[in-house]
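All remarks here apply to the structure that follows.
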Amino acid sequence: MVATLLHFVPAQMWLITPEFILRLLAEGLLIGLIYSLMALGLTLIFSVLGIVSFSHGEFYMIGGYVVYLFLQKFQNSLPRALTGIGALLAAMLVTFAIGVVFERLFLQPMARGEVDRPNEYAILTTFGLAFFLQYLMLGLMGPFPKKARRFFDLPVFDAGLIQATKASLKIGNITLGAGRLIAGLIALLALLAMLYFMFKTWTGRALQATSQDRQAAAVVGINPMNMNTLAFGLGAMLAGLAGAVLVSVYSWVPWVGVIASSKSFVIIVLGGMGSIPGSLLGGLIIGVVESLGTGLFPDPVRAQAYRDVFGLVIFALVLLVKPTGLFGRKL
């Protein structure tokens, strides 16, 4: 009887150890930082402009392709570290510039009251930008997957419990790949820089003031139109940076931003629309839940197919308890 029951227990269930759980948690936190970076950009756009950008995922896609092209062009003419830094800066500048130009040309008329139905207009224009960027990159880069080489190496050392090679970091029996580890660390630094910018600089406080009361902000000398442009540009740049750090981890195709965009929507609703702490915590929660759900699911063949489902289950449960999200407020 016992032998019969054991026959139906998946073999990988016997491989679950504390080290395995810790590795899943670490990987979930690393990818959660990327999710938080994406969601923070979308939150910034929503809180200042009052719209949801349906082109957010395409900026993520553009950032990855900029890094890929930059590395292809300069990988043999510049030192490896400088090439990586230059690629990330190029991705940030390109996505920021596209966001600024788009906001000035297509969203400013809405802010000036020149559009009769601004909500529908914002949906159509951002959807239009998403299709334009997606099919532009499809024409330029083709439909076949691209993947950039790892643009930073880890320092090699052996400190007993902690060991590192160029391609991985090992802490005890837990091994983390350099690509995801570096992507998570860059995302963490970017998040800290954005939090400092938002809460410790005059421009960041001006963005917050505009999001809370545009008329009061204008009275004290803040130009709401400029804040709109800056918010959309920064939001696009954060999405581009998220894609830039992951293009060496995942294969890149022109429609890769569709999934990233939908995940960002889930995170900002989970954390509370317009809430910066909510977007940060929501991204970490979704990352950890997806990692644990995929790693612990009894059938490894189906686990990846169900990856998005695990996060959506938590999303639904939280909204059942608190419909406004973790940090949302009733309007």
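Structure values in brief
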read-out: Residue list for segment 70-113, filter: among the charged types (D, E, K, R) and more than 21 Å from residue 49 (Cβ to Cβ); value: 73, 80
read-out: Near pairs, Cβ below 6 angstrom, 6+ apart or cross-chain, from segment 108-130 (buried (at least 19 other Cβ atoms within 10 Å of the Cβ)) to any residue that is of a type in the set (Asp, Glu); value: 130/58
read-out: Residue ranges of helices (runs of 4 or more DSSP H) in segment 236-321 with at least 1 members touching a residue at least 12 places away in the same chain (Cβ under 8 Å) and crowded, with 19+ Cβ neighbours inside 10 Å; value: 257-271, 276-296, 307-321
read-out: Selected residue (only one of 102, 96 is at pLDDT 95 or above, aromatic (Phe, Trp, Tyr) and under 19 Å from residue 187 (Cα atoms)); value: 96
read-out: When residues of segment 236-257 are limited to those that are more than 11 Å from the chain's Cα centre (by Cα) and modelled with pLDDT of 90 or more, the one nearest to residue 83 (Cα to Cα); value: 247
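The rows are residues; the columns are (1) in contact with a Pro (Cβ under 7 Å, 6 or more places away or on another chain); (2) acidic (Asp, Glu); (3) surrounded by 19 or more Cβ atoms within 10 Å (Cβ to Cβ).
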| position | (1), (2), (3) |
| --- | --- |
| 213 | no, yes, no |
| 218 | yes, no, no |
| 221 | no, no, no |
| 229 | no, no, yes |
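The values are calculated or read from the model by the stated rules, or taken from the named source; none is laboratory data. Predicted, not measured: the structure shown is a model, and the values here were computed from it. We place every Cβ from the backbone using ideal geometry, glycine too, and count neighbours over all the protein chains shown.
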